[in-house]
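**Q** Take a look at the following structure, please.
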Amino acid sequence: MNTTELTQTIEKALEEIRPFLNSDGGDITLVSIEDDKHVTVRLQGACTNCSVNQMTLKAGVETTIKKYAPQIETVINVA
């Protein structure tokens, strides 16, 4: 999978997650993909200062991204 395909695949994963985040007043955007295995995202809105955003990141976002793109090793959030 080339970088363009990987980006599109990760965007599809984020589209799956987005309705859940939107329902709580939040959102998410893809910031970057490094070495085709490290993804950086930005949680936005209510997700920015939510007390469970790290759980959301690991249990929801990272799991879903890895389901779509198993080669991804890490998913981190930047403020």
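Quick note: the coordinates plus some simple rules give every number you see, no bench work behind them. Everything numeric in this text was worked out from a predicted model, so none of it was measured.
**Q** Across the stretch 3-77, what fraction of all alpha-carbon pairs, as a whole percent, falls in each successive 10 Å bin from zero upward?
**A** Calculated over all Cα pairs of the stretch 3-77, the distribution is 21, 59, 19, 1 percent.
**Q** Right, here's the next one. Give the angle, between 0 and 90 degrees and rounded to the nearest 10, that separates the Cα long axis of helix 3-23 from the longest principal axis of the Cα atoms of the chain.
**A** It works out to around 20 degrees.
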